[in-house]
Each structure stands twice: as structure tokens, then as C-alpha cells.
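Working notes, structure below.
The values are calculated or read from the model by the stated rules, or taken from the named source; none is laboratory data. Given the structure is predicted, the values throughout are model-derived calculations rather than measurements. Here the Cβ positions follow ideal geometry from the backbone for every residue, glycine too, while neighbour counts run over all protein chains shown.
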Amino acid sequence: MERDHGSRGISRRTALRLFGVGTGAGLITGLRGLEGAGELSAASLQAPSRTQSPRGAIIRTILKDLSPEALGNGHILFHEHMSFDRTFFERMRPPNAPKPTTPTPPSYLEDVDVITEEVKASGKEGIGCIVDGGHKDMGTSYANLRTIAQRSGVHIVASGGYYLQTTYPPDVQTQSEDQLVEGLVRDAAAERWGAFGEIGSSPEMTSDERKVFRVIAKTHVRTAIPIFTHTSHAGCKACALEQLDILEGVGVTMRNLCIGHLSDITDDPKAETHKAIAKRGAFLGFDTVGHQLGQGDSKKLALIMAVLEAGYEDHVLLSADFASERETKFNGGAGYSSVSMVFLPKLRYAGVKEATIRKIMVENPKRFLAFVPKKAS
Ligand SMILES: [Zn+2]
């Protein structure tokens, strides 16, 4: 990637306008300002043809299908969480953890009013679309997501599938792969899923998880709906490649695949795993950035810089995997704006050009989410 020392010349006001930050006016106003800024040519705002979505491609939000252009110019977060119920947190408790003596209290992610306010506030700061990475086995309510989309004015893409061995319903074992595919095709249409995700595997992939990956890949082949995955937050190079091998083997379109949580791989300072995945055509999910959970941002930033320097900026996706009550806006945090408000300034400081940032936050996720619906979808 190129260093953009010139971008430091952009006034704070221009920079704020570029990203719709704090103005409530959104990015359309910002981009009008951009034309006059002389920092970026019109050409640099358009993705080169090799990175454009196919004709007839749509992005499926929970409320409607939109052309990539109609989705607007706001930042797109491809992996967040806006709806979990308390059963999810119960299921994720480690088996050897002491049993709580009192019932699990409701999760803040069950409160539609609270989440609507969080999403609406981030919408005013330039977030145009959020992909929810939950599904039924994580206690996600599609009805709640629909309400949040209607009330907040921010586009929401709902996802489906299965998460991890620990959350699977009995169906995963009792049904054949073909039966599971049929069920997912049906539910995807009924619930208007715009993606399959987050589809996870344990550090040691179980045989049921392998089955689920094949099922999701086959359902993708039937429907063309994009896929994003979960690898262990402890960082797991082999898991990422194993997922890719299975999905690629069944014929998943690499343009509609994102291998997730690659920001958590910290034993690969030159990002060789990341580059290998990008080389095979998939998107790289740096989707745990901008918040205080887990490891800090500095190693994650270094990984992204290594990928950009290798020329893979068309493959980078950012998100926060945000599900932290402590860092919500109502608790004084950045909420769903954490990527835009907390992490992007670090990328700029590292020298990443505004055109590249726009590509990563707008054009890349649009390309990842855009698909040409097949009859089965
Ligand atoms: Zn995850």
C-alpha cells in the first residue's frame, strides 16, 4: 500500500464530513464535500471493474433487497451482534465453570429499545448498514432485528446458520446433510437472511462442525447467499485454513466468503495466513477491532498493515463483533461506532489513505454482501 502523507493535510472538519461523523448528515453530504476537497479523484472513489459485483446483484437486508448503490455510502459493519438472549450466554459457559446460584439476568441484547437507540446513534455517525452475526442457536430474534431496522433507519442484514458444537440443536446430528440444507434454504427465504454467519468451528474442529461447514457450503451453492465464519478468539491459523478448504472444496464463491476473527491470530506477525487466504480470493475478517475486549488493537493493526502492504486491500473487511455492554453508548463507550471512531483513526495514523479506508468500510463489504439470488433463495 501507499503511504498517504498528504491525508494529514485534510482539516478535521473535512475529515469529519468525509465520514459523516458527528454531523448527522450522513455520508452523501460528506462525499459532496469530498469532490471539492481535491484529495481524491472521482476515479479513486470507484472500485476498479475487476472488483465490481456481478450484474443483478443485490444486498438482502431484513426489510428489502437493495442494489449495492442503493445501500448508500455509509460505513458497513459486516459482523456485529444486536440480538442475543440469556440462553446464549448460558450455553457458552465453560463446562467446568461453577454453576451460578441465581438465574441468568436478561441480556441488554434482548432490549429492543436500548439497541434501537444504540444503532440509531451510530447511524448519525455514519454507520449505514450492520450485519448481525447471530442466529437461532445463539438466541437471536429476527423479529427484534426487524423492529430495530424499522425504528433506527440503519440497514440491517440478518444471518442464519449454526454457531458451534456447544450451541447446536439436536437436528445437526439427527438430520442428513440434505435435510439440513433444505431447512436452511427454507428459513433463509422466510427470515430474509442476507448472509450465513457467524459459522464457527472449535479449535479442534468436531465432526459435526465439519458437517455444518459442508451443509452451509451446499446451501450457499443453492442460494448464492454469502458466508462469514468464526474462528477461535484465541487465534487459530490452522482453523482458518481448514474452514477455507472445506468451503472451497464444495464450490463456495470466494467473493462471497469471509473467514472471520483473523485479527485474533497473533502468532503470525507477517500475516502469512491472511495473505494465503486473500490469494485464494476470500475476504479477511478483521472483525474484533476497536473495542477493549480481548487483546488490544496494536497487533491487529500490524496484521492489517502487512496485508495492505502486500497489495490485498480489496480483501480487507473490518468489524467489531460488538457484544459488550460495558462499551455501549449508554455506558459511555463508542457502541456500534467503535470501528469508525476508535479503530479508523489508528489506521489513518499508520498512514492508510482515505480512499483505502473508504474501500474497506464501504466498497469491500458491499462486494462481499452482494449476490445474484438464485431460485432457491
Ligand atoms: Zn465469533
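One table, with the values for the structure above:
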{"quantity": "Residue identified as in contact with a Cys (Cβ under 9 Å, 6 or more places away or on another chain) and either within 16 Å of the ligand (Cβ to nearest atom) or not small (Gly, Ala, Ser) (or both) among 344, 369, 308", "calculated": "369"}
{"quantity": "Subset of region 118-148 (residues that are under 13 Å from residue 195 (Cβ atoms) and among the β-branched types (Val, Ile, Thr))", "calculated": "130, 131, 140"}
{"quantity": "Residue under evaluation residue 70, criteria (1) at pLDDT 50 or above; (2) surrounded by fewer than 19 Cβ atoms within 10 Å (Cβ to Cβ); (3) of a type in the set (A, V, I, L, M); (4) not in a loop (DSSP other than H, G, I, E, B), criterion not met", "calculated": "(4)"}
{"quantity": "Yes/no for residue 132 being within 16 Å of the ligand (Cβ to nearest atom) and either on the phi > 0 side of the Ramachandran plot or modelled with pLDDT of 95 or more (or both)", "calculated": "yes"}
{"quantity": "Some residue of region 230-249 being closer than 28 Å to residue 266 by Cβ, aliphatic (A, V, I, L, M) and without any contact (Cβ under 8 Å) to a residue 24 or more places away in the chain", "calculated": "yes"}
{"quantity": "Which numbered condition residue 125 fails, given (1) among the charged types (D, E, K, R); (2) away from the ligand (no atom under 14 Å from the Cβ); (3) touching a Ser or Thr at 6+ places or on another chain (Cβ under 6 Å); (4) over 23 Å from residue 334 (Cβ atoms)", "calculated": "(4)"}
{"quantity": "Residue selected from region 188-222 under the condition charged (D, E, K, R) and in contact (Cβ under 8 Å) with a residue 40 or more places away in the chain, by the criterion farthest from residue 62 (Cα to Cα)", "calculated": "208"}
{"quantity": "Number of positions in region 181-200 that are more than 16 Å from the ligand (Cβ to nearest atom) and either touching a Leu at 6+ places or on another chain (Cβ under 7 Å) or at negative phi (or both)", "calculated": "13"}
{"quantity": "Residue that is farthest from the ligand (Cβ to nearest atom), among those in region 213-257 that are buried (at least 17 other Cβ atoms within 10 Å of the Cβ), among the small types (Gly, Ala, Ser) and in a helix (DSSP H, G or I)", "calculated": "217"}
{"quantity": "Test: residue in region 93-105 that is within 24 Å of residue 195 (Cβ to Cβ) and in contact (Cβ under 8 Å) with a residue 12 or more places away in the chain", "calculated": "no"}
{"quantity": "Index of the failed condition, residue 317 passing every other in (1) modelled with pLDDT under 95; (2) not in a helix (DSSP H, G or I)", "calculated": "(1)"}
{"quantity": "Scan of region 73-87 for residues that are surrounded by fewer than 24 Cβ atoms within 10 Å (Cβ to Cβ) and of a type in the set (Phe, Trp, Tyr), ordered by number", "calculated": "84"}
{"quantity": "Odd one out for residue 108, checked against (1) modelled with pLDDT under 95; (2) within 16 Å of the ligand (Cβ to nearest atom); (3) at negative phi", "calculated": "(2)"}
{"quantity": "Of all residues making up region 317-336, the number that are surrounded by fewer than 23 Cβ atoms within 10 Å (Cβ to Cβ) and either within 13 Å of the ligand (Cβ to nearest atom) or without any contact (Cβ under 8 Å) to a residue 60 or more places away in the chain (or both)", "calculated": "8"}
